[in-house]
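Before any comments, here is the structure.
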Amino acid sequence: MTGRNQTIVSEFLLLGLPIRPDQRDLFYTLFLAMYVTTVLGNLLIMFLIRLDPHLHTPMYLFLSNLSFSDLCFSSVTMPKLLQDMQSHVPSIPYAGCLTQMYFFLFFADLESFLLVVMAYDRYVAICFPLHYTTIMSPRLCLFLVVLSWMLTTFHAMLHTLLMARLHFCEDNVIAHFFCDMSALLKLSCCDTRVNELVIFITGGLILVIPFLLIIMSYARIVSSILKVPSAKGICKAFSTCGSHLTVVSLFYGTVIGLYLCPSANNSTVKETVMATMYTVVAPMLNPFIYSLRNRDMKGALGRVFYKKKTPFSL
């Protein structure tokens, strides 16, 4: 097969989630409720941070970007999943599949970088409280956010262009509920060693190194807070970092286990369940884990929606 146009496949069929037909309506309702919760929860966080001047700090700047990333990350896969659960032939065009893969990688990478930036912010706040304002200047905060967006753009575009050079001849059934990069590589009818090498190299840069930086930040944080003589101060420091650590564990635990382990060791069901954890469950839980339990967020909620009314007088 020679010539410029060797890609015969014009669309892919998505197998979706491994659920029985009689349970389809139940799971459709469940996932719809989870998606609506994700959208409303993250929109509420961004809304509060924008309106309340008390939340115009580096920590909440990064948090608003994380909420936007979670909202978009879930929106890349969930609407299509909900549509396919009501469709008899769940298909996606070739161009649409590459587009979905690009934005999936983009917002997954953005989440990874933002979690590192937030860990650094907590490290500075706890280990250098007197110099926090000086170190976390508006210029540095803006630089960290812009750098995160630039790196994710490059990484997502690199993998999308490498995927676009591959050819898909006959098999067009994706054993997943979205256009996952590893699932597409299994369907290609040409050599994918370059793609796999780039995934291995960039996987270390995008996932392992940020994860190690987070571990190093928290090692310094733990070392610092254990020196604090006040038990109240220790509890407050652990409370501040606990939510972030929960989000980090939920995100990196599933992503590293799924993408940095040989695909031959993961069954299709296991891959689907793990992917559901960080594409559906994590973006929904993050607002509750990280923000809505936060005292500042509760205060902002009260200031925005429940302002004190002036007493009525004649």
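Read the figures in this text as sums done on the coordinates, not as results from a lab. From a predicted model like this one, the values you see are computed outputs, not experimental measurements. In this analysis, Cβ positions are derived from the backbone assuming ideal geometry, glycine residues included, and neighbour counts consider all displayed protein chains.
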Rank 269, 135, 66 by how far each Cα sits towards the positive end of the charge dipole of region 11-302 (+1 on Lys, Arg Cβ; -1 on Asp, Glu Cβ) and give me just the farthest. 135
Say each of residue 185 and residue 32 gets a label point 7 Å from the Cα, pointing the same way as Cα to Cβ; how far apart are those two points in nm? 3.7 nm
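How large is the charge dipole for region 11-302, taken about the Cα centre, if only the Cβ atoms of Lys, Arg (+1) and Asp, Glu (-1) carry charge, to the nearest 20 debye?
For this selection, approximately 1140 debye.
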How many nm separate the modelled label positions at residue 23 and residue 281, each set 7 Å beyond the Cα in the direction of the Cβ? 1.4 nm
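Please give the contour-minus-distance gain from residue 196 to residue 91: 0.36 nm per residue of separation, less the Cα-Cα distance, rounded to one decimal in nm.
Numbers: separation 105, 0.36 × 105 = 37.80 nm, distance 2.55 nm.
Length gained between residue 196 and residue 91: 35.3 nm.
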J(HN,Hα) series, region 74-80, from Karplus relation 6.51 cos²θ - 1.76 cosθ + 1.60, nearest Hz, glycine and proline x: 5, 6, 5, 10, 5, x, 5
Cα principal axis extents for region 11-302, largest first, Å: 65, 41, 32
Tell me, what is the FRET efficiency for residue 15 and residue 245 to the nearest 0.05, using R0 = 30 angstrom and their Cβ-Cβ distance as r? 0.30
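Compute the relative contact order of region 149-222 as a whole-number percentage, counting only Cα pairs closer than 8 Å that sit 6 or more residues apart in sequence. Kindly include the intermediate steps, with their values, before the conclusion.
Details: 30 pairs, mean separation 21.8, N = 74.
Once normalised by length, the contact order is 30 percent.
Work out, step by step, the length gained on full extension between residue 173 and residue 83: first 0.36 nm times the residue separation, then minus their alpha carbon distance; give nm to one decimal. Please list the in-between numbers first.
Working: separation 90, 0.36 × 90 = 32.40 nm, distance 1.72 nm.
Taking 0.36 nm per residue and subtracting the Cα distance, the gain is 30.7 nm.
Multiply the residue gap between residue 224 and residue 212 by 0.36 nm, knock off their C-alpha separation, and tell me the result in nm, one decimal place. It would help to have the intermediate numbers written out before the result.
On the way: separation 12, 0.36 × 12 = 4.32 nm, distance 1.83 nm.
Length gained between residue 224 and residue 212: 2.5 nm.
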